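Note sheet for the following structure.
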Amino acid sequence: MQSIDLEKIPANTGCEDLQELDKRYLWHPFTQMREYCREDNLIIERGEGSYLFDTQGRKYLDGISSLWVTVHGHNRKEINEAIRSQAEQVSHSTLLGLSNVPATRLAKELVRITPEGLSRVFYSDSGATSVEIALKMAFQYWQQQPDTRKRGKQRFLTFSGAYHGDTIGSVSLGGMDLFHSLYRPLLFQSLKAPAPYCYRCPMGREAGECGFACLEEFDRLISAHKDELAAVVIEPLVQGAAGIITAPPGYLRAVRERCTECDVLLIADEVAVGFGRTGSLFACEQEGVSPDLMCLAKGITGGYLPLAATLATEKIYEAFLGEYSEYKTFFHGHSYTGNPLACAAALANLEIFERDCVIEGLQGKIERLRQGLEHFHALPHVGDVRQRGFMIGIELVKDKATKEPFAPALRMGHRVILEARRRGVILRPLGDVLVLMPILGMSDSELDQLLQVTYESIGAVMSEMTV
Ligand SMILES: *Cc1c(COP(=O)(O)O)cnc(C)c1O
């Protein structure tokens, strides 16, 4: 008989022990654990509004919305209450063959608030799964066309630097070599158009003479491959994980038009940009674009529970209708699809948007951020400052004139965020791009604090560099 080794069970779970247990038992996402275990680890115990508190009682401004998900703030009583009262009804019931109250209500709301034409909601639980679902729907849609010539439409056109999540299908659509190249043997091939990364123009053009050259390359690809393309997949207005790459105005609209002309579906991955991030409820609205499929996750529950949705047009939905024996069913689902607690949180999140006129209230704050960012350009090693609404990327470079990056081993972005942490602000960089993703509910003074600490932290790290 095996006995339990009492020695191995910690006597108490005070904060010291938690820090140790974290290093001993957890494997963190996107984290080099050797580096992590060498550094001081921070264990969050609670949150309130724009702040997080660790087990040592220290207080931090949440400058990344807990990885881009928190919308109105932590510990909001309306959302807590919605989750609590739903838990008293039922916490989970499947959508496979049944339905539930909050999933049904939320589906109607999502159709109402998303761009015209999207009329059906398919739930899952993360951004990656919402993209997997969209790509499988797009693929199957063409396979089920009565016109058999359309069945050759099996490929996807995506963008360099794209990020759509970490499952194999969504990685196949992605274009981030650092994350994705190792898995290449496991992936299906997608076509890649150059993303409109104006600071480092993929077409080698100088600012002012761009002429939308990258769009010409997109045009060329979509025209040449339209008979084999199922869909174009795009992060509307901003490529998030690529380093907050902001597309020039008109780009998304032009992509939508080319897709329509070439009879290729458009999948809008609004996982990062949805729910107010870019200053409108959805990014597609800003260019009057209606995608054929739309992926939502991150902010959908206000950052309270995992939930995702893939929205489809009625035309796509109808291509899956038939007798069971025709096997046109969409054979896909997850155990927690349409989870009632998550859907209840999402409904409460949407109520706050409407009741507090959140989108209207953001406009002044976006302008305040824009003004506050102006003097960052003067800092040494700040190569580019990009902003779209409440998404900000500050790109650090070794040489501002040549745009030469720092050596990755210097970990410049990481150093700056550690400096910011010492000053009470949580950030997480993407390589040497500092990402500021403020909570939409932040007050003016909290936004000012976020910019101030970021500015000082860049300054402090860069002055260490030169001595
Ligand atoms: C975060 C993100 C995803 C993946 O979402 P997860 O919930 O982390 O799986 C997909 N697409 C975009 C644009 C994202 O920013």
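Pick from Ser190, Ser170: which is closer than 17 Å to Val131 by Cβ, of a type in the set (Ser, Thr, Tyr), in contact with a strand residue (DSSP E or B) (Cβ under 8 Å, 6 or more places away or on another chain) and within 16 Å of the ligand (Cβ to nearest atom)? First the steps, then the outcome.
Numbers: Ser170 fails: in contact with a strand residue (DSSP E or B) (Cβ under 8 Å, 6 or more places away or on another chain).
Exactly one residue qualifies, and that residue is Ser190.
Please state which one of Leu173, Leu135, Leu157 is touching a residue at least 24 places away in the same chain (Cβ under 8 Å) and farther than 22 Å from Lys298 by Cα.
Details: Leu173 fails: farther than 22 Å from Lys298 by Cα; Leu135 fails: farther than 22 Å from Lys298 by Cα.
Of the residues listed, the single one that is touching a residue at least 24 places away in the same chain (Cβ under 8 Å) and farther than 22 Å from Lys298 by Cα is Leu157.
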Practice item. Read through the list (1) within 24 Å of Lys298 (Cα to Cα); (2) in contact (Cβ under 8 Å) with a residue 24 or more places away in the chain, then give the number of the only condition that Gly361 fails. Key: (2)
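Kindly evaluate Ile359 against the criterion of being surrounded by fewer than 20 Cβ atoms within 10 Å (Cβ to Cβ), farther than 30 Å from Ala460 by Cβ and of a type in the set (A, V, I, L, M, F, W, C). Can you show your working first?
On the way: surrounded by fewer than 20 Cβ atoms within 10 Å (Cβ to Cβ): yes; farther than 30 Å from Ala460 by Cβ: yes; of a type in the set (A, V, I, L, M, F, W, C): yes.
Considered against the rule, which asks whether it is surrounded by fewer than 20 Cβ atoms within 10 Å (Cβ to Cβ), farther than 30 Å from Ala460 by Cβ and of a type in the set (A, V, I, L, M, F, W, C), Ile359 comes out as yes.
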Check your understanding: Somewhere in the range 301-308, is a residue within 16 Å of the ligand (Cβ to nearest atom) and part of a strand (DSSP E or B)?
Key -> yes
Review point. Does any residue of the range 245-264 turn out to be within 13 Å of the ligand (Cβ to nearest atom), within 30 Å of His332 (Cα to Cα), part of a loop (DSSP other than H, G, I, E, B) and modelled with pLDDT of 95 or more?
Key: no
Check your understanding: Looking at the range 146-167, which of the residues that are of a type outside the set (D, E, K, R), assigned to a loop (DSSP other than H, G, I, E, B) and within 16 Å of the ligand (Cβ to nearest atom) is farthest from Pro196 (Cα to Cα)?
Key -> Thr167
Exercise for review: Report yes if some residue within the range 395-411 is open to solvent by less than 20 Å² (accessible area, probe 1.4 Å), farther than 30 Å from Ala107 by Cβ and of a type outside the set (A, V, I, L, M, F, W, C); otherwise report no.
Suggested key: yes
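Evaluate the following for Ile113: is it closer than 27 Å to Leu341 by Cα and within 23 Å of the chain's Cα centre (by Cα)? Even if it seems obvious, please write down each step before you answer.
Details: closer than 27 Å to Leu341 by Cα: yes; within 23 Å of the chain's Cα centre (by Cα): yes.
So Ile113 fits the description; yes.
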Practice item. Give the range 370-387 a look and list any residue that's out of contact with any helix residue (DSSP H, G or I) (no Cβ under 6 Å at 6 or more places or on another chain) and either open to solvent by 70 Å² or more (accessible area, probe 1.4 Å) or assigned to a loop (DSSP other than H, G, I, E, B) (or both), or say none. Key: Arg370, Gln371, Glu374, His375, His377, Ala378
Exercise for review: Could you check Ser280 against (1) of a type outside the set (Lys, Arg); (2) within 28 Å of Val385 (Cβ to Cβ); (3) within 16 Å of the ligand (Cβ to nearest atom) and say which number it fails?
Suggested key: (3)
Revision key, fill the gap. Counted residues in the range 388-427 being assigned to a loop (DSSP other than H, G, I, E, B) and over 27 Å from Ile352 (Cα atoms) come to 12
Practice item. Could you please tell me which pairs satisfy a Cβ distance under 6 Å, a separation of 6+ or placement on different chains, a first residue in the range 287-316 that is open to solvent by 10 Å² or more (accessible area, probe 1.4 Å), and a second residue that is acidic (Asp, Glu)? Key: Ser290/Glu116; Pro306/Asp125; Thr313/Asp292
Practice item. Please work out if Leu350 is surrounded by 15 or more Cβ atoms within 10 Å (Cβ to Cβ), in contact (Cβ under 8 Å) with a residue 24 or more places away in the chain and out of contact with any strand residue (DSSP E or B) (no Cβ under 8 Å at 6 or more places or on another chain). Key: yes
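Condition first: in contact (Cβ under 8 Å) with a residue 12 or more places away in the chain, part of a helix (DSSP H, G or I), touching a helix residue (DSSP H, G or I) at 6+ places or on another chain (Cβ under 9 Å) and open to solvent by less than 20 Å² (accessible area, probe 1.4 Å). Can you find one or more residues in the range 441-448 that meet it? Steps first, answer last, please.
Step one: filter the range 441-448 for residues in contact (Cβ under 8 Å) with a residue 12 or more places away in the chain, giving 441-444, 446-448.
Those still in the list that are part of a helix (DSSP H, G or I) too: 444, 446-448.
Next cut, touching a helix residue (DSSP H, G or I) at 6+ places or on another chain (Cβ under 9 Å) only: 444, 447-448.
Next cut, open to solvent by less than 20 Å² (accessible area, probe 1.4 Å) only: 447.
So far as the range 441-448 goes, yes, one or more of its residues are in contact (Cβ under 8 Å) with a residue 12 or more places away in the chain, part of a helix (DSSP H, G or I), touching a helix residue (DSSP H, G or I) at 6+ places or on another chain (Cβ under 9 Å) and open to solvent by less than 20 Å² (accessible area, probe 1.4 Å).
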Point to revise | Count of residues meeting criterion [out of contact with any strand residue (DSSP E or B) (no Cβ under 6 Å at 6 or more places or on another chain) and either crowded, with 24+ Cβ neighbours inside 10 Å or among the aliphatic types (A, V, I, L, M) (or both)] in the range 256-281 | key: 3
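The values are calculated or read from the model by the stated rules, or taken from the named source; none is laboratory data. Note that the structure is a prediction, hence the values are computed from the model and not measured. Because the Cβ atoms are built from the backbone with ideal geometry, glycine has one as well, and the counts that use them run over all protein chains shown. Side chains included, ligands, DNA and RNA excluded: accessible areas come from the protein's heavy atoms. Shrake-Rupley method; radii C 1.70, N 1.55, O 1.52, S 1.80 Å.
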